[in-house]
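Following: one structure in structure tokens, then a few remarks.
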Amino acid sequence: MKRLLATLVWDVRLQYRNGFYAAAAVVAVIGAALLFRFDKDLQAYSLPVIFLQNLAVNAFYFIGALVLLEKDEGTLSARVITPLRKEEFLASKVLSLTGLSLLESAVLAALIYGIRLNWAALLSGVALLAVMLALYGFLVVARYDSLNAYLMPSVLYLLILMPPLLDYFGVLKGAWVYLHPVHGPLVLLQAAFRPVAAWQWVYGLLYSGLWIGLLWRWARRDFYRYIIEGAGA
């Protein structure tokens, strides 16, 4: 636990020092400026999508930037030979980015919509989606050693997460969307602004938890394969 807390503090400082918090603030300000022009109904409809887009930056791309930064500086290879476990490394990255995402989303929701929303649904949806995207982002970036090699494929990997928006906007509706991992947190984000059925709450929580468990297992495997074995090589 002490190693995890120390690593978590280090990661937060690293993110702050490299402008991650400033970037998140800029993204939040841009989103707020766009949504202030909408009425309450349109704001409630748009906010879940805005949260998804923001978390794609805060979780998916930020963990990619952190891993590439530590690879470039050589600190990631050095950590492999310390007592820090791979689970603690991953947990620190995921928790710190999830905290940043929760802070940004809560401030944005309060500024745009006020406090009259379902905060339990909002915070659980943001937290689950941030954890999911951070782990998925690690799976993607672990294979690359430079920003140039990572950037273009990352866009294609990110597009895999977007099909639920086709259902959300009514372009391609159907039961298929309930199989997509992002749909669970998206249902919870919708529940923050309008009532949803109890079974949808259960689905959102359990299905998101299932995918997080799978992504965590795959991330641990890839940490060993691409980070530990790579450092050994």
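The values are calculated or read from the model by the stated rules, or taken from the named source; none is laboratory data. Keep in mind the model is a prediction, meaning the values are calculated, not measured. Every residue, glycine among them, receives a Cβ derived from its backbone with ideal geometry; neighbour counts consider all protein chains shown. SASA here: full protein model, heavy atoms, side chains in, ligands and nucleic acids out. Shrake-Rupley method; radii C 1.70, N 1.55, O 1.52, S 1.80 Å.
Things to note:
- Spin-label zone in region 88-108 - amide nitrogen under 15 Å from a point set 7 Å from the Cα of residue 73 along the C-beta vector: 93
- Per-residue extension of 0.36 nm, minus the Cα-Cα distance of residue 42 and residue 21, leaves a gain of 4.8 nm for this segment.
- Cβ-based charge dipole, region 113-233, positive-most Cα from 195, 226, 127: 195
- Cα-based reach from residue 86 at 16 Å (exclusive), listing aspartates and glutamates while leaving out same-chain residues under 8 positions away: 11, 70, 222, 229
- Computed over protein heavy atoms with a 1.4 Å probe, the accessible surface of the chain works out to 49 Å² per residue.
- Acute angle (nearest 10 degrees) that the helix 20-35 long axis makes with the longest principal axis of the chain, alpha-carbon atoms: 10
- Spatially proximal lysines relative to residue 173 (Cα-Cα < 27 Å; intrachain offsets below 8 disregarded): 40
- Within the chain, all pairs of alpha-carbon atoms sorted by distance into 10 Å bins from zero give the percentages 8, 32, 35, 19, 6, 0.
- Given 15 as the ceiling on other Cβ atoms within 10 Å, longest exposed-site-free region of the chain for chymotrypsin sites (Phe, Trp or Tyr not before Pro) in DSSP loops: 39-168
- In the chain, the longest principal axis of the Cα atoms and the axis of helix 147-159 are about 30 degrees apart.
- For region 1-58, applying the loop criterion from DSSP together with a ceiling of 12 other beta carbons within 10 Å to the trypsin sites (Lys or Arg not before Pro) yields 37.
- Rounded to 10°, Cα long-axis angle of helix 40-55 versus longest principal axis of the chain: 10
- Cα-centred dipole magnitude for the chain, charges only on beta-carbon of K, R (+1) and D, E (-1), debye, nearest 20: 360
- Solution diffusion estimate, µm²/s, Stokes-Einstein, region 135-233, Kirkwood Rh from C-alpha pairs, 20 °C, viscosity 1.002 mPa s: 139
- Loop trypsin sites (Lys or Arg not before Pro), region 128-233 (other Cβ atoms within 10 Å of the site Cβ: 14 or fewer; DSSP): 143, 173
- Partners for residue 93 among lysines (Cα-Cα distance below 20 Å; same-chain residues under 8 apart left out): 2, 71
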